[in-house]
Amino acid sequence: MVLPTILPKIAAHWLFTFYRAARKLRGHAFQYCRSSSATTKPPPPPSSSSVSPAAKCTVVFPDAADKAVVFGFDGALMRSAALFPYFMLVACEGGSLLRGLLLLCAFPLVWALGERSDAGVRVMAFVTFFGLRPRDMELVARAVLPKFYMEGLNAQVYSRLWLPARRKVVVTGAPRVMVEWFLKEYMAADVVVGGELHAVRVGRGRYFTGLLCGPGGSAPALKHKVLAEALGTDNAMADVAVVGNASQLDHPCFPYCKEVYVVNRESTKTALLPRDRYPKPLIFHDGRLAFLPTPSAALAFFLFLPLGVILSVIRISIGILLPYKISFGAGALFGVRYRTSGLRAPEPGVKRRGVLYVCTHRTLVDPIMLTAALQKPVPAVTYSLSRLSEVIAPIKTVRLTRDRERDAETMSRLLEHGDLAVCPEGTTCREPYLLRFSPLFAELADDMEPVALDAQVTTLYGTTASGHKWLDPVVFFANPQPAYRVDFLGAVPQEWTRAGGRAGAEVANWVQRRLGEALGYECTGLTRRDKYMMLAGNDGVVAK
């Protein structure tokens, strides 16, 4: 009868002890641990009675200058230790929405096994990668994942430990192919250690089996072997290790590091890395999902998707069937947010030629939004447009051939009959950057007006480089509240036209800067070819 009365007291004592320890560590960004291979022991921590409240809140950072540092990717270099959202991105963007839905259905099993456990990672890897081609995974790793990884970087770890480190070794619980391209191309990591995916050749192609081998999917002994090889020698020792979970006592970096630090979860909440401190500018990225698909966000997305498709059909039908004056109110009734400014009444007098509206290019519906603001149809010239988009477009669209002389003749003929809309970037860009403007438009007209167009989405991107372009308008209007901003910036001054003695390139650069200032975007010299070479591995021109 004594045992039942003693056990609750022992449990209460241990709970109180753990609570006090957590309170002491809460104010520190890192918890210091000494590896078993170290020669000396760390000094004992001072008692709580001798430490002032200000000292308790001091952020402790290890010295990583000119040292070899091992970083845990999940929860240390990244602010979050969650793996599921990135598996979901690969499943949806590299596979299909059906594969993503299957992964979401498997999440209860993953949660029960532990999202970061060996078994949980195996389940997610099998559902995500079974039957997936390495080429598809490569495109996702290069064009989709870097955006979300960049937004999830821990600013404190990156600034105070990653940048000054001499040698950077990264250990991740996810498959290596998911993080290696980002870490080496954007972060300049020296070595990436992660699980290896097994692939087989079927016919002329190679496919993943979804089975893991190596770190993250094998015995701890193999993890240690791979990390030892990554450090260079059998007796290699890194100076510092930074991990994201103090409970990972079997972490492979522990025996190979002199000092080990654990990132405090509380310190990561405000450790968002600003865009201007990114390792490289994030200009191009691909994929349809505009949000990080955590389990709850992914569930909400799949529940909303059928309604989104219905809303998209209704919104597109409004633009095609209803008059311009009615379409504004009808579109707002169905959740389309639209704002226009700077539109001026036409000056009296007859013009011999039309006005050339020079627009930024955010989605395929840019000319339609311009037409809605002007309350009159304005033809638009395009380089590549799907047949479906041409059929459902409520305005006239004219294809250009990328032959400079023929395109100039086509645009001049259209301007003789009225106004014309052109997007000199030649392709869309999602981020706050403007690509290089082609000077052709500046050589054809002096009566020009820059129009700043900006589109905002919350769930799905209405553009793609390697996906199905014919779905772009449907996907854009399938967002819960798609938003558009149309700002008319006034006519280009006479002294900044060809008639004023300026070269076509000078006029194009002036218009680009004017639009960039209006939108708060940065102007670049990148082109359509640069975008497609990075995102799709081609020059963006489809062979006939």
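You will find that of Val179, Val127, Val144, Val192, the residue that is at pLDDT below 95, assigned by the TED database to the domain that holds Tyr261 and among the hydrophobic types (A, V, I, L, M, F, W, C) is Val192 and no other.
Here is a yes/no grid of residues against (1) hydrophobic (A, V, I, L, M, F, W, C); (2) without any contact (Cβ under 8 Å) to a residue 40 or more places away in the chain:
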{"site": "Gln481", "(1), (2)": "no, no"}
{"site": "Tyr484", "(1), (2)": "no, no"}
{"site": "Asp487", "(1), (2)": "no, no"}
{"site": "Thr497", "(1), (2)": "no, no"}
{"site": "Ala508", "(1), (2)": "yes, no"}
{"site": "Arg513", "(1), (2)": "no, yes"}
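Note on the range 420-497: enclosed strands (runs of 3 or more DSSP E) holding 1 or more residues that are more than 30 Å from Ser296 (Cβ to Cβ) and charged (D, E, K, R) are 448-456, 483-488. Condition (residue is touching a Phe, Trp or Tyr at 6+ places or on another chain (Cβ under 9 Å), in a helix (DSSP H, G or I) and under 17 Å from Gly426 (Cα atoms)) applied to the range 516-526: is it met by at least one residue? Scanning the range 516-526, I find at least one residue that is touching a Phe, Trp or Tyr at 6+ places or on another chain (Cβ under 9 Å), in a helix (DSSP H, G or I) and under 17 Å from Gly426 (Cα atoms), so the answer is yes. When you scan the range 225-242, do you find a residue that is touching a Leu at 6+ places or on another chain (Cβ under 9 Å), at pLDDT 80 or above and open to solvent by 70 Å² or more (accessible area, probe 1.4 Å), even just one? The answer is no, given that none of the residues of the range 225-242 is touching a Leu at 6+ places or on another chain (Cβ under 9 Å), at pLDDT 80 or above and open to solvent by 70 Å² or more (accessible area, probe 1.4 Å). Counting residues in the range 160-172 that are part of a strand (DSSP E or B), assigned by the TED database to the domain that holds Asp118 and open to solvent by 20 Å² or more (accessible area, probe 1.4 Å) gives one or more. For the range 205-224, indicate whether the set of residues that are open to solvent by less than 50 Å² (accessible area, probe 1.4 Å), in a helix (DSSP H, G or I) and modelled with pLDDT under 70 is non-empty. Yes, the range 205-224 contains a residue that is open to solvent by less than 50 Å² (accessible area, probe 1.4 Å), in a helix (DSSP H, G or I) and modelled with pLDDT under 70. Restricting the range 278-327 to residues that are assigned to a helix (DSSP H, G or I) and hydroxyl-bearing (Ser, Thr, Tyr) leaves a set whose member that is farthest from Pro473 (Cα to Cα) is Ser296. Within this structure, Leu109 passes the test of being in the same structural domain as Phe182 (by the TED database), in contact (Cβ under 8 Å) with a residue 12 or more places away in the chain and assigned to a helix (DSSP H, G or I).
Of the residues screened, Ala91 is one that is farther than 22 Å from Thr268 by Cα, modelled with pLDDT of 80 or more and in contact with a helix residue (DSSP H, G or I) (Cβ under 6 Å, 6 or more places away or on another chain).
Would you confirm, using the coordinates I've provided, whether Lys531 is charged (D, E, K, R), in contact with a Ser or Thr (Cβ under 6 Å, 6 or more places away or on another chain) and surrounded by 19 or more Cβ atoms within 10 Å (Cβ to Cβ)? Yes. Here is the figure for the range 384-401: residues that are at pLDDT 80 or above and open to solvent by 50 Å² or more (accessible area, probe 1.4 Å) total 3. Against the condition open to solvent by 60 Å² or more (accessible area, probe 1.4 Å), farther than 21 Å from Ala155 by Cα and at pLDDT 65 or above, how does Val202 come out, does it pass? When the stated conditions are applied, Val202 passes them.
Counting only strands (runs of 3 or more DSSP E) that fall entirely inside the range 334-416 and contain at least 3 residues that are assigned by the TED database to the domain that holds Leu321, touching a residue at least 60 places away in the same chain (Cβ under 8 Å) and not acidic (Asp, Glu), the qualifying elements are 337-341, 356-359. The residue list Ala76, Ala81 contains one member that is among the small types (Gly, Ala, Ser), touching a residue at least 40 places away in the same chain (Cβ under 8 Å) and either surrounded by fewer than 21 Cβ atoms within 10 Å (Cβ to Cβ) or part of a strand (DSSP E or B) (or both), which is Ala81. Before we move on, is Leu145 open to solvent by less than 10 Å² (accessible area, probe 1.4 Å), of a type outside the set (Asp, Glu) and more than 17 Å from the chain's Cα centre (by Cα)? Considered against the rule, which asks whether it is open to solvent by less than 10 Å² (accessible area, probe 1.4 Å), of a type outside the set (Asp, Glu) and more than 17 Å from the chain's Cα centre (by Cα), Leu145 comes out as no.
In the list Gln481, Gln456, Gln494, which residue meets the criterion of being within 19 Å of Leu415 (Cα to Cα) and surrounded by fewer than 18 Cβ atoms within 10 Å (Cβ to Cβ)? Exactly one residue qualifies, and that residue is Gln494. On the stretch given as the range 261-276, residues that are modelled with pLDDT of 80 or more, open to solvent by 30 Å² or more (accessible area, probe 1.4 Å) and either within 19 Å of Phe73 (Cβ to Cβ) or assigned to a loop (DSSP other than H, G, I, E, B) (or both) total 2.
The values are calculated or read from the model by the stated rules, or taken from the named source; none is laboratory data. Every value quoted in this text rests on a predicted model; they were computed, and no experiment measured them. When we count neighbours, we look across all protein chains shown, and the Cβ atoms used for this are built from the backbone with ideal geometry, even at glycine. Just so you know, the surface numbers come from the protein's heavy atoms only, side chains and all, with ligands and any DNA or RNA stripped out. Shrake-Rupley method; radii C 1.70, N 1.55, O 1.52, S 1.80 Å.
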